[in-house]
Amino acid sequence: MENIESIRQKISDCDSKIIEILTERMNYIEDIISYKKEHGLPILQEEIESQKEISLRNQICGNKFEDEILDVFRNIVYNGKKIQTKNLFEYNIFLIGFMGVGKSTVSSYLSHMLAMEEIETDSYIVKKEGMLISDIFKIRGEEYFRQCETNTLIYLKQRKNTIISCGGGMALRDINVEYMRQSGKVVLLTASPETIFERVRYSNERPILNGNMSVEFISDLMKQREAKYLNACDIIVSTEAKTINEICEEIVDKLIKYNR
């Protein structure tokens, strides 16, 4: 049997080859992004990713390191997504809109598809303040909560390549809009008052709707905020009658076209 130093050298040689081939693979990923952008092809193609994993499983079936190899390749694919994201979005993506339009759901799915970090401003404030949003409203008042939102955006200005799901009132302050534009692009998600009512009617975490849970109240409040939302956004995407994949594809497509 070879001595341990000889074996270690062979491992080092393998590592050098892995670095070389990974660099080559990542360069090809950049080529694919350039080709897709030039020819107007969809950037996010989840079905291709699924097909690759099936093909890989077939190739390594029976290999004694099957589970470990699959885990490594999943990380390679994940980092491939990160390369795509860095090429496409050198900024944060802010999701704004009325409560119930689907910001949290879209943020989570888009984060997975783009391999971007995700932050939900309401959750961040809850953790930082140590109390629920409804309790902040009750104990410290709405104005205090709005300042918490502004402070959160100041903190997030130092970040990049992050998807930020904002509370429904985030765009109501002009200073908040300024902070969002300084570090990213703003996506307005929309839905009808009737759809929003169906989505939030059983929620008790919507302080502004407490005692006012009706389509009429939601519609009136949306009209009051409409100008602020439209002034704040770079693009608009409706979440009505679409799958989550369709919504995210539309966001990516519109952001890419906006950047041209």
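Before moving on, here are some points about what is shown:
- Evaluation of Ser107 against the conditions (1) in the same structural domain as Gln45 (by TED's automatic domain parsing); (2) closer than 19 Å to Ile256 by Cα; (3) of a type in the set (Ser, Thr, Tyr) shows that the sole unmet condition is (1).
- Residue check, Phe217 hydrophobic (A, V, I, L, M, F, W, C), in contact with a Pro (Cβ under 6 Å, 6 or more places away or on another chain) and assigned by TED's automatic domain parsing to the domain that holds Ile247: no
- Note on region 70-122: residues that are assigned to a loop (DSSP other than H, G, I, E, B) and either at pLDDT below 90 or buried (at least 18 other Cβ atoms within 10 Å of the Cβ) (or both) amount to 10.
- Sole exception among (1) surrounded by 13 or more Cβ atoms within 10 Å (Cβ to Cβ); (2) free of Cβ contacts under 8 Å to residues at least 40 places away in the same chain; (3) over 19 Å from Ser107 (Cα atoms); (4) among the aliphatic types (A, V, I, L, M) for Leu153, by number: (3)
- Of all the listed residues (Gln158, Gln147), the sole one being in a loop (DSSP other than H, G, I, E, B), surrounded by fewer than 16 Cβ atoms within 10 Å (Cβ to Cβ) and of a type outside the set (Ser, Thr, Tyr) is Gln158.
- Within region 235-260, the residues that satisfy the criterion of being out of contact with any Ser or Thr (no Cβ under 7 Å at 6 or more places or on another chain), of a type in the set (A, V, I, L, M, F, W, C) and in a helix (DSSP H, G or I) are Cys248, Ile251, Val252, Leu255, Ile256.
- Condition check for Val77: aliphatic (A, V, I, L, M), within 30 Å of Thr121 (Cα to Cα) and either over 29 Å from the mean Cα position of the chain (by Cα) or in the same structural domain as Arg225 (by TED's automatic domain parsing) (or both): no
- Boolean, Asn63 is part of a loop (DSSP other than H, G, I, E, B), assigned by TED's automatic domain parsing to the domain that holds Glu30 and more than 23 Å from Glu246 (Cβ to Cβ): yes
- Screening the candidates Ile163, Ile218, Ile175 for the property of being exposed (fewer than 15 other Cβ atoms within 10 Å of the Cβ), under 25 Å from Leu132 (Cα atoms) and in contact (Cβ under 8 Å) with a residue 12 or more places away in the chain yields one hit, Ile175.
- Checked against (1) crowded, with 18+ Cβ neighbours inside 10 Å; (2) at pLDDT below 90, Met170 passes all but condition (2).
The values are calculated or read from the model by the stated rules, or taken from the named source; none is laboratory data. Given the structure is predicted, the values throughout are model-derived calculations rather than measurements. Here the Cβ is made from the backbone with ideal geometry for all residues, glycine too, and neighbour counts use every protein chain on show.
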